[in-house]
There are 2 protein chains.
Amino acid sequence: MTYCCAIKVNEGLVFAGDTRTSAGVDDVRTYNKVHVLEFPGDRIFVLLSAGNLATTQAVLAQIRRDLEEPVVPMSLRLARYMYDAAEYIGKLSVNAQNTITPPAQLSSVDLRTTFILGGQIQGEEPSIYMIYPEGNCIASSPETPFLQIGEHKYGKPILDRVIGPNLSLEDAARCALVSIDSTLRSNISVGPPLDLAIVPKDALAVSHKLRLDLDTPFFARLRESWGRQLAASFGNLPKFDWESPPAQGSLLGDRPPGS
Amino acid sequence: MTYCCAIKVNEGLVFAGDTRTSAGVDDVRTYNKVHVLEFPGDRIFVLLSAGNLATTQAVLAQIRRDLEEPVVPMSLRLARYMYDAAEYIGKLSVNAQNTITPPAQLSSVDLRTTFILGGQIQGEEPSIYMIYPEGNCIASSPETPFLQIGEHKYGKPILDRVIGPNLSLEDAARCALVSIDSTLRSNISVGPPLDLAIVPKDALAVSHKLRLDLDTPFFARLRESWGRQLAASFGNLPKFDWESPPAQGSLLGDRPPGS
């Protein structure tokens, strides 16, 4: 399994993903799932993937093949709108699954992959799309400023609570990392290291791409800080009315942190 | 769907659940899923349920029927060990499903229910069991001090981070409420009000049973406090090295809360 998320804020886009791939608990590998395709000054795409690894790699291979061919009906370089690019990835995904469908129907192998495509084409707004295994897609919206694929439930509450359009790119990135950290603590099918990519609006390029392992100093400090602050927050929650000492005045905000 | 959890700490047991039952988005009802069965001074059981509501009610009806019959091979009053009580519930659950299996096989209705049975029988330790729809069961353990049923993923990270054997019953209860609050914010199949039951070790009774709605003052304060503290915690997370102003000394612990 996998967990990846993409976030859209006013300042731009944030992408994050884990790197664990498992065809079974005895068949675990590490793969990059945050694929950056840059066309400097013209367009930038980041593709996240969750699902069948062979389908993912078939799609990536075809994307690159179409970029190198001199004459093709469509490629990421030719897409006029982000929606066209998302639709194109969807078609490649369906084709990759159909190519090997007959034998797969005889087995229980799941060939499906779900993608998130985000980025910006010059003259358009930055945007993020979720591309379903069936090839169709949905965009994010002001009310739905993030998209998730894979094991998305563990890390959704913190995104629901924190993400909003005015968040800075760096705060959105920290929120994505906390969301993945919560997930990998609760589900062994999601594992480190993590990949993070930040795409500022109108930069048409990735400003920062980081690989963070558990012992990478920044990520280790972030995990420690978040865990310590969560624990301290519990000490500040309101007391039940039967707890002693009896509440004096407001139950909130009049205790030092960590008390 | 549903979300219920049971937590075992050294001081006793905590049970919590939502009340939303849905046979579809256009068929939503409110039902208690935290069922208390007290035998004062002798034994106490709390039964949580997630799954088919008819199966749940059939099991509860049979539990009560067996308690009223003068001669029965097994009932919650007769169980020698908590394990026997869990196995008994498992048999009732399988029976309830089998009774109506033939017509159900013709439809797509899922008759399965998963239960958590917790409590204490005099002379035994308090314990919690998860009872699968197949009738078998597993207990909690020192390494697995909580059990969850239903939509369990959203609320698992906070339990994973916080729950330990030395936590007070009240802190465990607050953690259960935060866990459910996170879930109902992220999944509409889980909804208020919430039920909470606390069973102190060796009390052989429920010490506190609360129903908390979003506008219940204590729960409203808890939600507000948790959300505010989470947001403040983000302000205290370490900065990326490219963020200005440049970091001075340690990135952690030298900022006032909420900065």
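If each label sits 7 angstrom from Cα along the C-beta direction, how far apart, in nm, is A:Ala205 from its counterparts in the other copies?
Copy-to-copy label distances at A:Ala205, shortest first: 7.3 nm.
Just counting partner chain Cβ atoms within 10 Å, what average do the residues of peptide B:225-231 show around their Cβ?
Mean inter-chain Cβ contacts per residue within 10 Å come to 6.
Of A:Leu214, B:Leu210, which has the most accessible area with a 1.4 Å probe, and how do the rest follow in descending order?
A:Leu214, B:Leu210
Going by alpha carbons, how many degrees (0 to 90, nearest 10) lie between the helix axis of B:82-99 and the longest principal axis of chain B?
The two axes meet at around 70 degrees.
From the Cα trace of segment A:183-222, what convex hull volume per residue do you get, rounded to a whole Å³? Show your work: numbers first, answer last.
On the way: hull volume 3.6 nm³, N = 40.
Here the figure is 89 Å³ per residue.
Starting from the Cα coordinates of the protein assembly as shown, work out the convex hull volume and express it per residue in Å³.
On the way: hull volume 91.6 nm³, N = 518.
So the per-residue hull volume is 177 Å³.
If you average 1/r over every pair of different alpha-carbon atoms in segment A:9-65 and take one over that average, what Kirkwood value in Å do you get?
Numbers: mean 1/r = 0.0760 Å⁻¹.
Result for segment A:9-65, one decimal place: 13.2 Å.
Label points 7 Å out from Cα along the Cβ direction at A:Glu143 and B:Tyr31: separation in nm?
Placing both labels 7 Å along Cα→Cβ, they lie 3.0 nm apart.
In Å, the Kirkwood hydrodynamic radius of segment A:3-214 over pairs of distinct alpha carbons? Write out the running numbers ahead of the final one.
Numbers: mean 1/r = 0.0579 Å⁻¹.
It works out to 17.3 Å.
Could you pull out the pairs from A:Lys209/B:Lys153; A:Lys33/B:Lys153; A:Lys153/A:Lys201; A:Lys156/B:Lys239; A:Lys201/B:Lys156; A:Lys156/A:Lys239 whose alpha carbons sit more than 25 Å apart here?
On the way: A:Lys209/B:Lys153 29 Å; A:Lys33/B:Lys153 22 Å; A:Lys153/A:Lys201 28 Å; A:Lys156/B:Lys239 22 Å; A:Lys201/B:Lys156 35 Å; A:Lys156/A:Lys239 27 Å.
Violating the 25 Å limit, Cα to Cα: A:Lys209/B:Lys153; A:Lys153/A:Lys201; A:Lys201/B:Lys156; A:Lys156/A:Lys239.
Using a Gaussian network for chain A with springs between C-alpha atoms less than 10 Å apart, which of these wobbles most: A:Val25, A:Val190, A:Val94?
Taking springs between Cα atoms under 10 Å, the residue moving most is A:Val25.
Quick one: accessible area per residue over chain A, 1.4 Å probe, rounded to a whole number of Å²? Let's see the in-between values first.
Numbers: 11420 Å² over 259 residues.
On a per-residue basis, 44 Å².
Is there a simple number for the mean count of other chain Cβ atoms within 10 Å of the Cβ of residues in A:155-165, and what is it? Walk me through the intermediate numbers first.
On the way: counts 4, 7, 15, 6, 1, 5, 9, 5, 0, 0, 0.
Whole-number average of other-chain Cβ neighbours for A:155-165 is 5.
Using label points projected 7 Å from each Cα along Cα→Cβ, tell me how many nm separate A:Val109 and A:Thr216, to one decimal.
Modelled inter-label distance: 3.2 nm.
Give me the inter-chain shielding for A:140-153: mean count of other chain Cβ atoms within 10 Å, whole number please. Each step should come with its number before you reach the end.
On the way: counts 0, 0, 0, 0, 0, 0, 0, 0, 0, 0, 0, 1, 3, 10.
Across the residues of A:140-153, the mean count of other-chain Cβ atoms within 10 Å is 1.
Ranked highest first by average number of other Cβ atoms within 10 Å, how do B:115-122, A:75-82, B:237-244 line up?
Details: B:115-122: 24.8, A:75-82: 16.4, B:237-244: 14.8.
Descending packing order for the listed peptides: B:115-122, A:75-82, B:237-244.
Where the accessible area of segment B:3-214 is counted over protein heavy atoms with a 1.4 Å probe, how much of it, in %, is carbon and sulfur? All intermediate terms of the calculation are to be shown ahead of the outcome.
Numbers: 4530 of 8890 Å².
Within segment B:3-214, the accessible surface is 51 percent carbon and sulfur.
When each copy gets a label point 7 Å from Cα toward the beta-carbon at B:Asp110, what are the spacings between them in nm, shortest first?
Output for B:Asp110: 1.4 nm, nearest copy listed first.
Run through the other copies and list how far each one's label point is from that of B:Glu143, in nm with one decimal, shortest first; the point sits 7 Å from Cα along Cα-Cβ.
Label-point distances to the other copies, shortest first: 4.5 nm.
Within a Cβ distance under 14 Å of B:Glu11, other residues only, what is the Lys/Arg minus Asp/Glu net charge?
Cβ neighbours under 14 Å give a net charge of -2.
Give, as a single signed number, the net charge of other residues whose beta carbon lies under 10 Å from the beta carbon of B:Asp195, with Lys and Arg counted +1 and Asp and Glu -1.
Working: positive: B:Lys33, B:Lys209, B:Arg211; negative: B:Asp18.
Taking every Cβ under 10 Å from that of B:Asp195, the sum is +2.
The values are calculated or read from the model by the stated rules, or taken from the named source; none is laboratory data. Remember, predicted model here, so these are calculated numbers, not experimental data. Cβ atoms come from the backbone with ideal geometry, glycine included; neighbour counts cover every protein chain shown. Each accessible area value is taken on the protein alone, full model and side chains, heavy atoms only, with ligands, DNA and RNA left out. Shrake-Rupley method; radii C 1.70, N 1.55, O 1.52, S 1.80 Å.
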